[in-house]
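Quick notes on the structure that follows.
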Amino acid sequence: MKEPRISTKSIWAGESDYLAFGATQVPVVHSVSFGYKDMDEWYDVATGKKEGHIYGRNTNPTVQAFEDKIRILEGAEAATSFSTGMAAISNTLGTFLFPGDRIVTIKDTYGGTNKIFTEFLPKQQIEVVLCETGNHEEIEKEVAKGCQVLYLETPTNPTVKITDIERMAKAGKAAGALVIIDNTFATPVNQNPLELGVDLVIHSATKFLGGHADALGGALCGPAELVEKVFHYREINGATLDPMAAYLLLRGMKTLKLRIDKQNENAMEIASFLKSLEMVDSVFYPGLAEHPGHEIAQKQMRGFGGMLSFSVKGGIETVRHLLPKLKYANRAANLGAVETIVGPARTTSHVECTPEERAAVGIAEGLIRYSAGIEDVEDLKEDLKQAFASLPKSVSVKG
(Lines give C-alpha, C1' and ligand atoms only; values in the text may rest on other atoms or scores of the structure.)
Protein backbone atom coordinates (compact mmCIF):
# COMPACT_ATOMS: atom_id res chain seq x y z
CA MET A 1 0.00 0.00 0.00
CA LYS A 2 1.02 3.60 -0.52
CA GLU A 3 2.11 5.81 2.35
CA PRO A 4 -1.09 7.01 4.07
CA ARG A 5 -2.00 10.67 3.75
CA ILE A 6 -1.99 13.02 6.72
CA SER A 7 -5.73 12.74 7.43
CA THR A 8 -5.31 9.00 7.84
CA LYS A 9 -2.10 9.37 9.84
CA SER A 10 -3.80 11.81 12.22
CA ILE A 11 -6.30 9.11 13.13
CA TRP A 12 -4.29 5.88 13.01
CA ALA A 13 -0.60 6.72 13.45
CA GLY A 14 1.18 5.55 16.56
CA GLU A 15 -1.78 3.93 18.31
CA SER A 16 -1.92 0.23 17.40
CA ASP A 17 0.95 -0.81 19.71
CA TYR A 18 -0.79 0.69 22.74
CA LEU A 19 -4.32 -0.75 22.43
CA ALA A 20 -5.32 -3.23 25.14
CA PHE A 21 -8.19 -5.62 25.96
CA GLY A 22 -9.70 -5.16 22.50
CA ALA A 23 -10.14 -1.42 23.00
CA THR A 24 -10.17 0.77 19.90
CA GLN A 25 -8.79 3.77 21.82
CA VAL A 26 -5.46 4.15 23.62
CA PRO A 27 -6.06 3.72 27.36
CA VAL A 28 -5.05 6.28 29.97
CA VAL A 29 -2.39 4.55 32.07
CA HIS A 30 -2.28 6.42 35.37
CA SER A 31 0.13 4.08 37.12
CA VAL A 32 3.21 5.91 38.39
CA SER A 33 5.34 2.77 38.54
CA PHE A 34 5.60 -0.41 36.48
CA GLY A 35 6.50 -3.65 38.26
CA TYR A 36 8.68 -6.62 37.29
CA LYS A 37 8.95 -10.08 38.84
CA ASP A 38 12.19 -10.83 37.00
CA MET A 39 15.05 -8.71 38.37
CA ASP A 40 17.16 -9.07 35.23
CA GLU A 41 14.30 -7.95 32.98
CA TRP A 42 13.67 -4.99 35.30
CA TYR A 43 17.33 -4.01 35.06
CA ASP A 44 17.34 -4.31 31.27
CA VAL A 45 14.29 -2.03 30.98
CA ALA A 46 15.72 0.43 33.52
CA THR A 47 18.98 0.71 31.60
CA GLY A 48 17.36 0.93 28.18
CA LYS A 49 18.48 -2.46 26.92
CA LYS A 50 14.87 -3.57 26.58
CA GLU A 51 11.68 -1.66 25.80
CA GLY A 52 9.31 -1.01 28.66
CA HIS A 53 8.45 1.39 31.46
CA ILE A 54 9.67 1.72 35.02
CA TYR A 55 8.51 5.12 36.33
CA GLY A 56 6.05 7.73 35.11
CA ARG A 57 8.49 10.63 35.19
CA ASN A 58 10.54 8.81 32.57
CA THR A 59 8.03 7.15 30.23
CA ASN A 60 4.39 6.09 30.09
CA PRO A 61 2.43 4.06 27.50
CA THR A 62 -0.22 6.75 26.85
CA VAL A 63 2.42 9.44 26.58
CA GLN A 64 4.47 7.28 24.25
CA ALA A 65 1.47 6.86 21.94
CA PHE A 66 1.22 10.65 21.68
CA GLU A 67 4.94 10.88 20.94
CA ASP A 68 4.65 8.27 18.21
CA LYS A 69 1.78 10.10 16.56
CA ILE A 70 3.53 13.49 16.38
CA ARG A 71 6.75 11.75 15.29
CA ILE A 72 4.97 10.17 12.34
CA LEU A 73 3.10 13.37 11.42
CA GLU A 74 6.38 15.33 11.35
CA GLY A 75 8.24 12.56 9.50
CA ALA A 76 10.81 12.36 12.31
CA GLU A 77 13.00 9.53 13.53
CA ALA A 78 12.13 10.19 17.16
CA ALA A 79 10.02 12.39 19.43
CA THR A 80 9.70 13.19 23.10
CA SER A 81 7.12 15.13 25.09
CA PHE A 82 6.85 17.72 27.84
CA SER A 83 4.36 19.14 30.31
CA THR A 84 3.95 22.36 28.26
CA GLY A 85 5.20 24.01 25.09
CA MET A 86 7.50 26.27 27.11
CA ALA A 87 8.94 23.19 28.80
CA ALA A 88 9.74 21.84 25.34
CA ILE A 89 11.55 25.06 24.45
CA SER A 90 13.41 25.53 27.73
CA ASN A 91 14.45 21.87 28.02
CA THR A 92 15.69 21.77 24.45
CA LEU A 93 17.74 24.95 24.84
CA GLY A 94 18.97 23.75 28.24
CA THR A 95 20.22 20.54 26.66
CA PHE A 96 22.36 22.14 23.98
CA LEU A 97 23.52 25.51 25.38
CA PHE A 98 26.30 26.05 27.92
CA PRO A 99 28.12 29.08 29.41
CA GLY A 100 30.18 30.76 26.71
CA ASP A 101 27.94 29.55 23.88
CA ARG A 102 26.21 31.78 21.34
CA ILE A 103 22.65 31.54 19.98
CA VAL A 104 21.25 33.45 17.01
CA THR A 105 17.50 33.98 16.82
CA ILE A 106 14.84 36.44 15.71
CA LYS A 107 13.15 39.27 17.58
CA ASP A 108 9.59 38.11 16.89
CA THR A 109 9.40 34.95 18.95
CA TYR A 110 6.62 34.15 21.42
CA GLY A 111 6.86 36.34 24.54
CA GLY A 112 7.85 33.50 26.87
CA THR A 113 10.55 32.38 24.44
CA ASN A 114 11.76 35.96 24.13
CA LYS A 115 12.09 36.12 27.92
CA ILE A 116 14.40 33.11 27.84
CA PHE A 117 16.56 34.94 25.31
CA THR A 118 16.59 38.33 27.03
CA GLU A 119 16.46 37.37 30.70
CA PHE A 120 17.49 33.81 31.48
CA LEU A 121 20.18 32.79 28.96
CA PRO A 122 22.31 35.94 29.53
CA LYS A 123 22.42 35.05 33.26
CA GLN A 124 24.04 31.77 32.21
CA GLN A 125 26.73 33.63 30.25
CA ILE A 126 25.19 32.61 26.95
CA GLU A 127 25.37 35.25 24.23
CA VAL A 128 22.05 35.88 22.51
CA VAL A 129 21.84 37.67 19.15
CA LEU A 130 18.38 38.92 18.22
CA CYS A 131 18.01 39.58 14.50
CA GLU A 132 15.26 41.36 12.61
CA THR A 133 12.70 38.77 11.59
CA GLY A 134 12.70 38.38 7.82
CA ASN A 135 16.14 39.96 7.40
CA HIS A 136 17.76 36.80 6.11
CA GLU A 137 21.03 38.52 5.25
CA GLU A 138 21.45 39.74 8.84
CA ILE A 139 20.70 36.27 10.23
CA GLU A 140 23.15 34.63 7.82
CA LYS A 141 25.83 37.15 8.74
CA GLU A 142 25.42 36.53 12.47
CA VAL A 143 25.27 32.76 12.06
CA ALA A 144 28.45 32.81 9.96
CA LYS A 145 30.28 34.46 12.88
CA GLY A 146 29.74 31.22 14.77
CA CYS A 147 26.98 29.91 17.03
CA GLN A 148 25.86 26.68 18.62
CA VAL A 149 22.14 27.16 17.96
CA LEU A 150 20.00 28.94 15.38
CA TYR A 151 16.47 29.22 16.76
CA LEU A 152 13.51 30.10 14.52
CA GLU A 153 9.75 30.48 14.75
CA THR A 154 7.63 30.76 11.62
CA PRO A 155 4.93 31.97 11.38
CA THR A 156 5.68 34.07 14.45
CA ASN A 157 3.45 34.77 17.42
CA PRO A 158 1.58 37.17 17.20
CA THR A 159 2.71 39.10 14.12
CA VAL A 160 2.73 36.02 11.82
CA LYS A 161 6.02 36.98 10.16
CA ILE A 162 7.65 34.42 7.89
CA THR A 163 11.23 33.16 7.73
CA ASP A 164 12.69 31.16 4.84
CA ILE A 165 13.27 27.83 6.58
CA GLU A 166 15.34 26.10 3.90
CA ARG A 167 17.63 29.11 3.45
CA MET A 168 18.18 29.50 7.20
CA ALA A 169 18.74 25.78 7.69
CA LYS A 170 21.50 25.86 5.08
CA ALA A 171 23.12 28.82 6.81
CA GLY A 172 22.95 27.06 10.15
CA LYS A 173 24.39 23.81 8.82
CA ALA A 174 27.23 25.67 7.08
CA ALA A 175 28.21 27.18 10.43
CA GLY A 176 27.88 23.90 12.31
CA ALA A 177 24.91 25.16 14.30
CA LEU A 178 21.93 23.17 15.51
CA VAL A 179 18.81 24.53 13.78
CA ILE A 180 15.67 24.47 15.93
CA ILE A 181 12.23 25.71 14.92
CA ASP A 182 8.91 26.28 16.67
CA ASN A 183 6.27 24.86 14.32
CA THR A 184 3.26 25.50 16.60
CA PHE A 185 1.41 27.95 14.34
CA ALA A 186 1.84 25.93 11.16
CA THR A 187 1.36 22.37 12.50
CA PRO A 188 2.47 19.32 10.48
CA VAL A 189 -0.59 19.81 8.26
CA ASN A 190 0.74 23.06 6.83
CA GLN A 191 4.51 22.69 7.19
CA ASN A 192 7.19 20.05 7.82
CA PRO A 193 10.46 21.82 8.70
CA LEU A 194 12.51 18.62 8.93
CA GLU A 195 12.01 18.18 5.17
CA LEU A 196 13.51 21.67 4.71
CA GLY A 197 16.72 20.90 6.59
CA VAL A 198 15.89 21.80 10.20
CA ASP A 199 17.37 19.61 12.94
CA LEU A 200 14.67 19.80 15.61
CA VAL A 201 10.99 20.79 15.54
CA ILE A 202 9.14 22.02 18.63
CA HIS A 203 5.39 22.19 19.25
CA SER A 204 3.21 23.62 21.94
CA ALA A 205 0.75 20.73 21.71
CA THR A 206 -1.64 22.77 23.87
CA LYS A 207 -2.58 24.75 20.78
CA PHE A 208 -3.55 23.32 17.38
CA LEU A 209 -2.45 19.73 18.01
CA GLY A 210 -4.87 19.27 20.90
CA GLY A 211 -7.31 21.76 19.45
CA HIS A 212 -9.81 21.80 22.33
CA ALA A 213 -8.15 24.03 24.95
CA ASP A 214 -8.33 21.30 27.59
CA ALA A 215 -4.79 19.89 27.83
CA LEU A 216 -1.29 21.31 28.25
CA GLY A 217 1.63 19.68 26.47
CA GLY A 218 4.73 20.08 24.35
CA ALA A 219 6.65 17.98 21.86
CA LEU A 220 10.05 17.75 20.18
CA CYS A 221 10.74 15.85 16.93
CA GLY A 222 13.97 15.06 15.13
CA PRO A 223 16.87 12.61 14.84
CA ALA A 224 16.99 9.95 17.56
CA GLU A 225 20.48 10.96 18.69
CA LEU A 226 19.41 14.55 19.40
CA VAL A 227 15.97 13.73 20.82
CA GLU A 228 17.50 11.20 23.21
CA LYS A 229 19.71 13.93 24.70
CA VAL A 230 16.71 16.17 25.31
CA PHE A 231 14.69 13.28 26.71
CA HIS A 232 17.45 12.58 29.23
CA TYR A 233 17.50 16.25 30.25
CA ARG A 234 13.72 16.26 30.61
CA GLU A 235 13.45 12.99 32.54
CA ILE A 236 15.91 14.28 35.13
CA ASN A 237 14.47 17.80 35.33
CA GLY A 238 10.93 16.42 35.50
CA ALA A 239 8.83 18.39 32.98
CA THR A 240 6.80 15.25 32.21
CA LEU A 241 3.61 15.13 30.15
CA ASP A 242 0.67 13.87 32.22
CA PRO A 243 -0.98 10.68 30.85
CA MET A 244 -4.47 12.22 30.90
CA ALA A 245 -3.19 15.23 28.97
CA ALA A 246 -1.53 12.85 26.48
CA TYR A 247 -4.85 11.07 26.00
CA LEU A 248 -6.69 14.34 25.37
CA LEU A 249 -4.02 15.44 22.91
CA LEU A 250 -4.25 12.10 21.09
CA ARG A 251 -8.01 12.46 20.86
CA GLY A 252 -7.70 16.00 19.55
CA MET A 253 -5.12 15.05 16.94
CA LYS A 254 -7.54 12.62 15.28
CA THR A 255 -9.35 15.62 13.77
CA LEU A 256 -6.19 17.67 13.15
CA LYS A 257 -6.42 17.74 9.35
CA LEU A 258 -10.13 18.53 9.36
CA ARG A 259 -9.70 21.34 11.87
CA ILE A 260 -6.62 22.90 10.25
CA ASP A 261 -8.18 22.88 6.78
CA LYS A 262 -11.22 24.74 8.13
CA GLN A 263 -9.10 27.15 10.19
CA ASN A 264 -6.92 27.90 7.18
CA GLU A 265 -10.03 28.70 5.18
CA ASN A 266 -11.66 30.79 7.92
CA ALA A 267 -8.51 32.78 8.69
CA MET A 268 -8.08 33.69 5.02
CA GLU A 269 -11.66 34.93 4.77
CA ILE A 270 -11.46 36.85 8.05
CA ALA A 271 -8.19 38.51 7.04
CA SER A 272 -9.66 39.63 3.72
CA PHE A 273 -12.83 40.86 5.47
CA LEU A 274 -10.93 42.89 8.07
CA LYS A 275 -9.12 44.79 5.31
CA SER A 276 -12.45 46.32 4.32
CA LEU A 277 -13.22 47.79 7.76
CA GLU A 278 -12.55 51.48 8.35
CA MET A 279 -11.36 51.03 11.93
CA VAL A 280 -8.74 48.44 10.99
CA ASP A 281 -5.28 49.87 10.40
CA SER A 282 -3.39 46.78 9.26
CA VAL A 283 -4.01 43.07 8.83
CA PHE A 284 -1.22 40.52 9.23
CA TYR A 285 -1.73 37.15 7.56
CA PRO A 286 0.73 35.30 5.30
CA GLY A 287 -2.08 34.26 2.98
CA LEU A 288 -2.59 37.85 1.86
CA ALA A 289 -0.70 38.72 -1.32
CA GLU A 290 0.59 41.96 0.22
CA HIS A 291 2.08 40.20 3.27
CA PRO A 292 5.91 40.61 3.16
CA GLY A 293 6.41 36.87 3.63
CA HIS A 294 3.68 35.71 1.26
CA GLU A 295 5.96 34.31 -1.46
CA ILE A 296 8.12 32.44 1.04
CA ALA A 297 5.02 31.08 2.78
CA GLN A 298 3.70 29.86 -0.58
CA LYS A 299 6.96 28.01 -1.12
CA GLN A 300 7.23 26.25 2.24
CA MET A 301 3.64 25.98 3.52
CA ARG A 302 0.70 23.92 2.27
CA GLY A 303 -1.74 26.23 4.05
CA PHE A 304 -1.32 29.63 5.69
CA GLY A 305 -2.63 28.70 9.13
CA GLY A 306 -5.49 29.65 11.41
CA MET A 307 -3.73 32.60 13.05
CA LEU A 308 -3.83 36.25 12.06
CA SER A 309 -3.49 39.58 13.81
CA PHE A 310 -4.70 43.08 13.09
CA SER A 311 -4.17 46.55 14.51
CA VAL A 312 -7.05 48.91 15.12
CA LYS A 313 -7.35 52.67 14.99
CA GLY A 314 -7.75 54.17 18.43
CA GLY A 315 -5.27 51.69 19.91
CA ILE A 316 -5.96 50.05 23.24
CA GLU A 317 -9.14 52.09 23.81
CA THR A 318 -10.68 50.52 20.73
CA VAL A 319 -9.55 47.08 21.92
CA ARG A 320 -11.22 47.66 25.31
CA HIS A 321 -14.57 48.43 23.67
CA LEU A 322 -14.36 46.01 20.75
CA LEU A 323 -13.44 42.64 22.19
CA PRO A 324 -16.21 42.40 24.84
CA LYS A 325 -18.77 42.89 22.06
CA LEU A 326 -17.74 39.73 20.21
CA LYS A 327 -20.23 36.91 20.71
CA TYR A 328 -18.35 34.12 18.96
CA ALA A 329 -14.88 34.52 20.42
CA ASN A 330 -13.29 33.66 23.73
CA ARG A 331 -11.22 36.47 25.17
CA ALA A 332 -8.43 34.28 26.49
CA ALA A 333 -4.69 33.64 26.45
CA ASN A 334 -4.75 30.64 24.17
CA LEU A 335 -4.97 29.79 20.47
CA GLY A 336 -5.57 26.94 18.07
CA ALA A 337 -8.85 25.70 19.57
CA VAL A 338 -12.06 24.85 17.74
CA GLU A 339 -13.55 28.07 19.14
CA THR A 340 -12.33 31.44 17.88
CA ILE A 341 -10.05 33.13 20.44
CA VAL A 342 -9.06 36.80 20.53
CA GLY A 343 -6.87 39.00 22.67
CA PRO A 344 -4.26 41.75 22.56
CA ALA A 345 -0.59 40.76 22.81
CA ARG A 346 -0.39 42.65 26.12
CA THR A 347 -2.54 39.96 27.77
CA THR A 348 -1.70 36.93 25.60
CA SER A 349 1.55 36.20 23.77
CA HIS A 350 3.62 39.01 25.32
CA VAL A 351 2.00 39.47 28.72
CA GLU A 352 5.40 38.87 30.33
CA CYS A 353 6.89 41.84 28.46
CA THR A 354 6.70 45.53 29.27
CA PRO A 355 5.05 47.99 26.85
CA GLU A 356 8.55 49.15 25.92
CA GLU A 357 9.67 45.59 25.17
CA ARG A 358 6.60 45.00 23.04
CA ALA A 359 7.15 48.24 21.17
CA ALA A 360 10.77 47.29 20.52
CA VAL A 361 9.64 44.26 18.50
CA GLY A 362 6.90 46.18 16.70
CA ILE A 363 3.90 45.02 18.73
CA ALA A 364 1.46 47.89 19.17
CA GLU A 365 -0.83 47.98 22.20
CA GLY A 366 -3.73 48.01 19.75
CA LEU A 367 -2.67 44.76 18.07
CA ILE A 368 -5.28 42.00 18.32
CA ARG A 369 -4.38 38.34 17.91
CA TYR A 370 -7.17 36.37 16.24
CA SER A 371 -7.20 32.57 16.31
CA ALA A 372 -9.85 31.48 13.83
CA GLY A 373 -11.99 28.60 15.01
CA ILE A 374 -14.08 26.20 12.96
CA GLU A 375 -17.36 28.11 13.20
CA ASP A 376 -19.28 29.15 10.08
CA VAL A 377 -17.16 31.96 8.70
CA GLU A 378 -20.20 34.07 7.81
CA ASP A 379 -21.16 34.10 11.48
CA LEU A 380 -17.65 35.17 12.42
CA LYS A 381 -17.68 38.01 9.89
CA GLU A 382 -21.10 39.20 11.01
CA ASP A 383 -19.91 39.08 14.60
CA LEU A 384 -16.90 41.26 13.81
CA LYS A 385 -19.10 43.65 11.84
CA GLN A 386 -21.55 44.16 14.69
CA ALA A 387 -18.74 44.54 17.23
CA PHE A 388 -17.09 47.31 15.20
CA ALA A 389 -20.50 48.94 14.60
CA SER A 390 -21.06 49.11 18.35
CA LEU A 391 -17.93 51.18 19.04
CA PRO A 392 -18.77 54.46 20.81
CA LYS A 393 -18.24 57.72 18.97
CA SER A 394 -15.55 58.62 21.51
CA VAL A 395 -13.28 56.06 19.85
CA SER A 396 -11.57 57.98 17.06
CA VAL A 397 -11.35 56.55 13.57
CA LYS A 398 -8.19 58.62 13.15
CA GLY A 399 -6.46 56.62 15.85
**Request:** Looking only at segment 225-245, count how many residues are aliphatic (A, V, I, L, M) and either closer than 18 Å to Ser33 by Cα or touching a Gly at 6+ places or on another chain (Cβ under 7 Å) (or both).
**Result:** 5
**Residue check, Lys275 surrounded by fewer than 23 Cβ atoms within 10 Å (Cβ to Cβ) and in contact with a strand residue (DSSP E or B) (Cβ under 8 Å, 6 or more places away or on another chain)** = yes
**Message:** Filter segment 80-109 down to the residues that are in a loop (DSSP other than H, G, I, E, B) and modelled with pLDDT of 95 or more and list them by number.
**Reply:** Ser83, Thr84, Leu97, Phe98, Pro99, Gly100, Asp101
**Prompt:** Is it the case that segment 46-55 has a residue that's at pLDDT 95 or above, surrounded by 13 or more Cβ atoms within 10 Å (Cβ to Cβ) and under 18 Å from Leu248 (Cα atoms)?
**Reply:** no
**Message:** Of everything in segment 10-35, what is more than 30 Å from Asp261 (Cα to Cα) and at pLDDT 95 or above? Give them in sequence order.
**Reply:** Val29, His30, Ser31, Val32, Ser33, Phe34, Gly35
**Request:** Considering each of Glu382, Glu375, Glu352 in turn, give the residue that is modelled with pLDDT of 75 or more and either open to solvent by less than 70 Å² (accessible area, probe 1.4 Å) or under 30 Å from Thr113 (Cα atoms) (or both).
**Result:** Glu375
**Request:** Kindly establish whether Ile181 is more than 13 Å from the chain's Cα centre (by Cα) and crowded, with 20+ Cβ neighbours inside 10 Å.
**Result:** no
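Is it fair to say Glu41 is of a type in the set (Asp, Glu), open to solvent by 30 Å² or more (accessible area, probe 1.4 Å) and within 30 Å of the chain's Cα centre (by Cα)?
no
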**Request:** Would you point out which residue out of Arg358, Arg369 is touching a strand residue (DSSP E or B) at 6+ places or on another chain (Cβ under 8 Å), among the basic types (Lys, Arg) and surrounded by 13 or more Cβ atoms within 10 Å (Cβ to Cβ)?
**Result:** Arg369
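The values are calculated or read from the model by the stated rules, or taken from the named source; none is laboratory data. Everything quoted here is computed from the prediction, not taken from an experiment. Cβ sites come from the backbone with ideal geometry, for glycine too, and all protein chains shown count toward neighbours. Only protein heavy atoms, including side chains, enter the accessible area calculation; ligands, DNA and RNA are left aside. Shrake-Rupley method; radii C 1.70, N 1.55, O 1.52, S 1.80 Å.
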